[in-house]
Amino acid sequence: MITVDLPSSEALEAASFAFTFALVGVGAVIVTSAIAAATWARSLNAWALGGVSFVLSQTAQIVTLFLFGPLLSAFTSAPLQEASRAIILSTAARGVRDDRSSAAFGFGHGAIDLLTSSLIPTLSAVIILGGIRDGSIFVGLDADVTEKVNAVGVFLASQTLLSGALLVAQGALMLGLHALLTALVLRAVVRGGGARAIGRGLLLPVAVHTPVAVVRTLFPTSTMPVLLVAVLVAVLAYRRGQGPTEELPASQ
């Protein structure tokens with residue numbers, strides 16, 4: 001019989017509660033983003049197109065991950081996301097040209113981001129902790145796999161309710177950042193001037209987004225302070241250039 005030194009049942013129960021809290025919280029943030037988009041923009045089209053832009057960027061991200069590995073892939077995440085935002089805003093999302101629809105687009109982009117980066121992993125953690133608590137996850141495993149599962153359990157059991165609350169807060173901030181980045185990208189798109197001019201316009205949102213994407217991928221526990229700074233910079237950049245997109249018709 002394979003034996004493992006599991007965390008205490010109290011630690012596993014506390015961690016399971018923390019991840020369940022995070023799961024519900026992140027899910028509520030995603031649902032709220034859709035409700036807010038439908039209320040402000042009076043349609044979920046912009047929200048859905050924002051989700052499409054994230055999926056497009058992640059499709060390209062998979063290719064870079066395969067070709068260059070996780071380290072370089074982390075640095076390509078932001079450029080790919082901002083480029084995909086610009087592509088969708090220039091084509092399928094030509095109706096997104098005001099602040100409300102732009103925010104809805106950003107919320108949609110951020111919601112699918114949270115779905116893949118936070119909601120699904122958190123759900124997996126809840127399931128794994130449940131399997132560890134009742135022992136079902138170890139059934140049929142050999143010694144090597146059992147040891148790895150136990151190591152995962154030890155890590156998950158170290159997480160607290162504060163960790164879950166920070167994950168929810170981080171998700172809400174990410175939605176705000178994506179809304180602000182969308183507004184900055186939209187300005188570059190509506191100003192036009194060709195691919196080069198739009199590319200130059202993407203330099204600012206890429207510069208704001210890159211530190212968050214890199215730290216979030218490589219040093220996830222350090223994400224919050226970097227994210228707070230990025231949101232502040234994005235707010236200042238948005239306020240500095242506020243106005244130009246409102247003067248352009250939706251058909252442009």
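The values are calculated or read from the model by the stated rules, or taken from the named source; none is laboratory data. Here the structure is a predicted model, which is why all the values come from computation and not from measurement. Note that we place each Cβ from the backbone using ideal geometry, even for glycine, and neighbour counts take in every protein chain shown.
Listed values, structure above:
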| read-out | value |
| --- | --- |
| Residue 106 vs. criteria under 27 Å from residue 29 (Cα atoms), modelled with pLDDT under 95, touching a helix residue (DSSP H, G or I) at 6+ places or on another chain (Cβ under 8 Å) and of a type outside the set (Lys, Arg) | no |
| Output for region 36-62, where each listed residue is surrounded by fewer than 18 Cβ atoms within 10 Å (Cβ to Cβ) and under 12 Å from residue 175 (Cβ atoms) | 36 |
| Cβ pairs under 7 Å, 6+ apart, first in region 134-146 and at pLDDT below 85, second not hydrophobic (A, V, I, L, M, F, W, C) | 138/146 |
| Tally, over region 1-59, of residues that are within 30 Å of residue 139 (Cα to Cα) and among the hydroxyl-bearing types (Ser, Thr, Tyr) | 5 |
| The listed residue being in a helix (DSSP H, G or I), at pLDDT 95 or above and farther than 29 Å from residue 165 by Cα, out of 226, 185, 214 | 185 |
| Answer from 46, 78 - the residue that is on the phi < 0 side of the Ramachandran plot, among the hydrophobic types (A, V, I, L, M, F, W, C), touching a Phe, Trp or Tyr at 6+ places or on another chain (Cβ under 9 Å) and assigned to a helix (DSSP H, G or I) | 46 |
| Given (1) of a type outside the set (Val, Ile, Thr); (2) surrounded by fewer than 14 Cβ atoms within 10 Å (Cβ to Cβ); (3) at pLDDT 85 or above, index of the condition residue 249 fails | (3) |
| Residue within region 102-114 that is closer than 30 Å to residue 42 by Cβ and loosely packed, with under 15 Cβ neighbours inside 10 Å present | no |
| Selection from region 192-215 of residues that are under 18 Å from residue 179 (Cα atoms) and either in contact (Cβ under 8 Å) with a residue 12 or more places away in the chain or of a type outside the set (A, V, I, L, M, F, W, C) (or both) | 201, 202, 204, 205, 206, 208, 209, 210, 211, 212, 213 |
| Count - residues of region 163-175 that are among the hydrophobic types (A, V, I, L, M, F, W, C) and in contact (Cβ under 8 Å) with a residue 60 or more places away in the chain | 6 |
| In region 84-98, residue nearest to residue 53 (Cα to Cα) [restricted to those that are part of a helix (DSSP H, G or I) and of a type in the set (Val, Ile, Thr)] | 88 |
| One residue from 73, 16, 57 being assigned to a helix (DSSP H, G or I), more than 29 Å from residue 214 (Cβ to Cβ) and not charged (D, E, K, R) | 16 |
| Looking only at region 70-101, and only at residues there that are touching a Ser or Thr at 6+ places or on another chain (Cβ under 9 Å) and of a type in the set (Ser, Thr, Tyr), the one that is surrounded by the most Cβ atoms within 10 Å (Cβ to Cβ) | 101 |
